[in-house]
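Quick notes on the structure that follows.
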Amino acid sequence: MSGTREKYQKVAYYPGCALEGTAHSYNRSTQAVGKALGLDLVEVKNWNCCGAMEVKNVDPKLQTYLSSRVMSIAATEMKMDVVMAPCNGCYHNLKKAEYDLSHDPKSVEVVDRLSKKAGHATYRAGQVETIHALDWIKHGIGEEGLKERLRGTLKGLKVANYYGCMYTRPRHIFPEKDQGPGSESTSKPHYMDDLLAVAGAENVEFPLKTACCGGAHTLSDSDTSTKLVLNIIRAAEASGAEVIATECPTCHSGLEMHQVRAEKKFGQATRVKIVYFTQLLGMALGLSPKQVGIHENISDSLGFFKEKGIA
Amino acid sequence: MRPLAVIEQRLDALATLPALDPAVAAELLALGEEVLAHWVTAKGLDPTHEAREGFRLLALHRQGCTDEPSFNACRETCRELVYHYNLVNLEPRHPDTVQRLRMMTLVANHLFLFVAGKLQVRELGDFCCASRPLREAAAPPDPA
């Protein structure tokens, strides 16, 4: 693990579009936590969209190319070994592109053709390792390292950790997961639980950790999304959680928006707070609520964290 | 197989009960099977009566995933339903039984919401697998 720790000290940072918009608090808190932990983030130069789901729907190979370009820049122009993507969508798409380029000759051919046309080096599978923000902190600093740097505590805070669907699915694009002790699980992910527990949080038993939030249909089929989110929130509250910790901008904004909509449309009010795990970790590291962007979330949780003695 | 609206009413009723009997675990599992049977039937297949790892629910989920990878978005929800069923049945007098049944009701409800939503909008859950039917219907030429 020491080789991994060394490798994760300085990584190429791929925020993706969501972190420059609705998930700005995730961007802010990720960078602030990195700084507090002494981990170095170097933003990918001139990065582009990962292909999200829109491009993937039209042409999956074009999505593979777009994701490969990000990895190509990190590998060849920046000479980096690791790309860290905090957004589950970006993380998923880069991992999928890596898988396609390792297993599908047609994808290799299309990516090579488009890369030459665009005038940059063709990305070859294995040139970089793509990781999530959870991997970065879990292995880059480790639980002991995190403990040493805590300046506050999340003690007394009951948290339901919600990972969403793309962090673990489909399993075959995450070959490093399900590798026994120390590795992440695709059926019961636990990295976020592990890190927040080190910071003092009490993680509750939460059975809907990877359940669908209806994120992709939040505009086209809002009622289904609202009902799915409401059920996730109810399950979190029923399990005793005061906070739902998230690590995906799509899930996070869906949970926050549909929490409001559930009250307006269905008269179902809920009280659980929804925050990024990096915001919680940041406050435990002694950062102020503003430094981790609590004010940038949709719901106001500042008073709650002050009352709990965390902010 | 009861209509989805009837299943929904039953789940809503169970969710509002102040205390739940351990026998409800079997009913919740059966409701989950009925929900998956709706999905399998909508795909033009006969719902299986076989078991996988001892549970028809898991066999039905596997059947529902055939040529539909996005249906895996409810894989862990099915497994959580089975897990809670086992918890309640192995120790029905455990002090946490009522809480476990409460959570099991919410898990069953999530399975219902996902499948019912997917029956209306087939692409629900396709975020990770990206509109496979759309791709198959009109495979575009290679770019460039």
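The values are calculated or read from the model by the stated rules, or taken from the named source; none is laboratory data. Quantities reported herein were computed from a predicted structural model and do not represent experimental measurements. Don't worry about glycine lacking a Cβ; one is built from the backbone with ideal geometry, like all the others, and counts go over all protein chains shown. These area figures cover heavy atoms from the full protein model, side chains too; ligands, DNA and RNA do not enter into them. Shrake-Rupley method; radii C 1.70, N 1.55, O 1.52, S 1.80 Å.
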| said: Checking the condition within 22 Å of A:Thr22 (Cα to Cα), surrounded by fewer than 19 Cβ atoms within 10 Å (Cβ to Cβ) and either in contact with a helix residue (DSSP H, G or I) (Cβ under 8 Å, 6 or more places away or on another chain) or away from every other protein chain (no Cβ under 11 Å) (or both), which residue from A:Asn88, A:Asn48, A:Asn57 passes? | reply: A:Asn48
| request: Collect the residues in segment A:178-195 that are within 17 Å of A:Trp136 (Cα to Cα) and out of contact with any helix residue (DSSP H, G or I) (no Cβ under 7 Å at 6 or more places or on another chain), keeping them in residue-number order. | output: A:Gly182, A:Ser183, A:Ser185, A:Pro189, A:His190, A:Asp193
| task | Please state which of the following conditions A:Ala199 fails to meet, knowing it meets all the rest: (1) open to solvent by 40 Å² or more (accessible area, probe 1.4 Å); (2) in contact with a helix residue (DSSP H, G or I) (Cβ under 7 Å, 6 or more places away or on another chain); (3) more than 25 Å from B:Phe112 (Cα to Cα). | result | (1)
| task | Answer yes or no: is there a residue in segment A:109-124 that is more than 22 Å from A:Ala52 (Cβ to Cβ), in contact with a Ser or Thr (Cβ under 9 Å, 6 or more places away or on another chain), of a type in the set (Asp, Glu) and surrounded by fewer than 19 Cβ atoms within 10 Å (Cβ to Cβ). | result | yes
| query | Just for segment A:156-172: of the residues that are out of contact with any Lys or Arg (no Cβ under 9 Å at 6 or more places or on another chain) and open to solvent by 30 Å² or more (accessible area, probe 1.4 Å), which one is modelled with the lowest pLDDT? | reply | A:His172
| query | If you take the residues of segment A:271-299 that are in a loop (DSSP other than H, G, I, E, B) and in contact with an Asp or Glu (Cβ under 6 Å, 6 or more places away or on another chain), which of them is surrounded by the fewest Cβ atoms within 10 Å (Cβ to Cβ)? | reply | A:Ile298
| Out of B:Phe55, B:Phe71, which single residue is under 20 Å from A:Lys209 (Cα atoms), hydrophobic (A, V, I, L, M, F, W, C) and more than 10 Å from chain A (Cβ to nearest Cβ)? | B:Phe71
| task | Please find, among A:Gly164, A:Gly119, the residue that is touching a helix residue (DSSP H, G or I) at 6+ places or on another chain (Cβ under 8 Å) and within 14 Å of chain B (Cβ to nearest Cβ). | result | A:Gly164
| note | Residue set A:Thr122, A:Thr153; condition within 30 Å of A:Thr64 (Cβ to Cβ) and either in contact with a strand residue (DSSP E or B) (Cβ under 7 Å, 6 or more places away or on another chain) or assigned to a loop (DSSP other than H, G, I, E, B) (or both); output residue A:Thr122
| field | Pick from segment A:127-150, criterion assigned to a loop (DSSP other than H, G, I, E, B) and under 17 Å from A:Ala85 (Cβ atoms), ranking: farthest from the chain's Cα centre (by Cα) | value | A:Gln127
| said: Considering only segment A:173-183, I want to know if a residue exists there that is touching a Gly at 6+ places or on another chain (Cβ under 7 Å), away from chain B (no Cβ under 14 Å), outside any helix (DSSP H, G or I) and polar (S, T, N, Q). | reply: no
| note | When every residue in segment A:62-85 that is surrounded by fewer than 24 Cβ atoms within 10 Å (Cβ to Cβ) and within 12 Å of chain B (Cβ to nearest Cβ) is compared, the one nearest to the chain's Cα centre (by Cα) is A:Leu66
| query | So A:Leu101 clears everything in (1) in a helix (DSSP H, G or I); (2) touching a Gly at 6+ places or on another chain (Cβ under 6 Å) except one condition, right? Which one? | reply | (2)
| said: Tell me whether segment A:42-60 contains one or more residues that are part of a strand (DSSP E or B), closer than 22 Å to A:Pro249 by Cα and touching a strand residue (DSSP E or B) at 6+ places or on another chain (Cβ under 9 Å). | reply: yes
| message | Tell me whether segment A:229-247 contains one or more residues that are more than 10 Å from chain B (Cβ to nearest Cβ), touching a helix residue (DSSP H, G or I) at 6+ places or on another chain (Cβ under 8 Å), touching a residue at least 12 places away in the same chain (Cβ under 8 Å) and open to solvent by 10 Å² or more (accessible area, probe 1.4 Å). | response | yes
